[in-house]
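Inspection log for the structure reproduced underneath, given as structure tokens.
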Amino acid sequence: MAAPREVPERRPFGRRFLTDPARLFQHNAWDNVEWSEEQEASARSKVQENSSQLLPQDKQEEYEVNAKRYWDDFYKIHENGFFKDRHWLFTEFPELAPNRNPSQNGDSVHEFSNKEESNNEGLGSCENGHCSLETRAENQLNIVKSTPKICTEELATQKYSELSQRDGDYPGSSASYRVLEVGCGAGNTVFPILQTNNDPGLFVYCCDFSTTAVDLVQNNVEYDSSRCFAFVHDLCNDQSPFPMPDESLDVVILIFVLSAILPEKMQCIVNRLSRLLKPGGMILLRDYGRYDLAQLRFKKGQCLSDNFYVRGDGTRVYFFTQDELNDLFTTAGLEKIQNLVDRRLQVNRGKQMTMYRVWIQCKYRKPTAPQL
């Protein structure tokens, strides 16, 4: 029999936690936690149980038709209070940092903002089925209550039509490095990028399905229209134009957004986003993985289809495997740079709760144009 593999002290296995509660609650989080076979089987059993009863088709159609309203309501209720700034962003995605290194292959084991998280409790908080991964650091999104400056889909279409008539003139057309965040929410990725990256050639686009979310971004004191363009966009409407032409973007960011899309529409969306990338441009994704805490907490009657659920507030969420995401991106003609599962143990010392989180992080690149 082979000798048991030695486990790093700061990354213990699941059952070992439960035998030493005093040790358990000394810390807040462990990275790259490996699951035992028992844990995997238990998670699979819970998913089978909460998936055994699917919502009727008419109810599923209702959630699809009213998806925008549910997300608008979500942001009206939470504004900037639920999501926190993503301080881990530049550790995980150095492509967004001022001294970006686009050639980084992402194969090394990543550290996920341990220093910050070790000093904060309440990690992985869940509210109405929305499980956040951000720390409880001070939220810097100060919302200004002023007249909305919304760029609706209709206005975006009109502006793009007008701008495209002038030789390549569009928002950010003079920039040398263009980034688009899809599903920007209240700006928790956009504003850290703008605050941290002072590259004069940088221009950031951001869009969201929710008019309320885009309103929060545009009315933020950090919003700078000379460096950023926020607009409402429905990813599922392939007739809705983007304000930039194909092959104009260096980076597309998808953070916990693809999981909110109807699974059968995902491939079309990824195909379309890939066309926006320059040769050599990348899609950066972080999203929910199969058997994440959020999936295991769903009850019977909340399942729409395999691994796709509706929360109590009407918003929906899918839980991915690595292979599913790899198929989506490679079918769109992109090449894999990184596709990692991040299994983590988070501890709420106040509630004496252990929470197993599973996220998937991907980087896929558009092949460079062949040399003539």
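The values are calculated or read from the model by the stated rules, or taken from the named source; none is laboratory data. These numbers come from a predicted model, not from an experiment. Glycine also receives a Cβ, built like all others from the backbone with ideal geometry; neighbour counts cover every protein chain displayed. Heads up: the accessible areas ignore ligands, DNA and RNA and are worked out on the full protein's heavy atoms, side chains in. Shrake-Rupley method; radii C 1.70, N 1.55, O 1.52, S 1.80 Å.
Among the residues examined, D246 qualifies as part of a loop (DSSP other than H, G, I, E, B), at pLDDT 95 or above and farther than 25 Å from A97 by Cβ.
The sole residue among D234, D199, D238, D224 that is within 18 Å of T315 (Cβ to Cβ) and surrounded by fewer than 19 Cβ atoms within 10 Å (Cβ to Cβ) is D234. Quick one: which of R349, R344, R357 is at pLDDT 85 or above and out of contact with any His (no Cβ under 7 Å at 6 or more places or on another chain)? Testing whether each residue is at pLDDT 85 or above and out of contact with any His (no Cβ under 7 Å at 6 or more places or on another chain) leaves just R357. For region 283-300, which positions are touching a helix residue (DSSP H, G or I) at 6+ places or on another chain (Cβ under 9 Å), open to solvent by 10 Å² or more (accessible area, probe 1.4 Å) and of a type outside the set (F, W, Y)? Within region 283-300, R290, L296, R297, K299, K300 meet the criteria.
Taken together, the residues in region 267-282 that are buried (at least 20 other Cβ atoms within 10 Å of the Cβ) and more than 13 Å from K366 (Cβ to Cβ) amount to 1.
The set of residues in region 310-342 being more than 24 Å from M282 (Cβ to Cβ) and free of Cβ contacts under 8 Å to residues at least 40 places away in the same chain is empty.
So that you can scan it fast, the table gives a plain yes or no per residue for (1) modelled with pLDDT of 85 or more; (2) open to solvent by 60 Å² or more (accessible area, probe 1.4 Å); (3) within 21 Å of A260 (Cα to Cα); (4) among the β-branched types (V, I, T):
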{"site": "S42", "(1), (2), (3), (4)": "yes, no, no, no"}
{"site": "S51", "(1), (2), (3), (4)": "yes, no, yes, no"}
{"site": "L55", "(1), (2), (3), (4)": "no, no, yes, no"}
{"site": "E61", "(1), (2), (3), (4)": "no, yes, yes, no"}
{"site": "D72", "(1), (2), (3), (4)": "no, no, yes, no"}
{"site": "K84", "(1), (2), (3), (4)": "no, no, yes, no"}
{"site": "E92", "(1), (2), (3), (4)": "yes, no, no, no"}
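Answer yes or no as to whether P241 is farther than 21 Å from L285 by Cα, outside any helix (DSSP H, G or I) and without any contact (Cβ under 8 Å) to a residue 60 or more places away in the chain. Here the answer is no, as P241 does not meet what is asked.
For every residue, the table says whether it meets (1) over 28 Å from A294 (Cα atoms); (2) not hydrophobic (A, V, I, L, M, F, W, C).
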| residue | (1), (2) |
| --- | --- |
| V217 | no, no |
| D224 | yes, yes |
| R227 | yes, yes |
| H233 | no, yes |
| C236 | no, no |
| M244 | yes, no |
| L249 | yes, no |
| V252 | no, no |
| V257 | no, no |
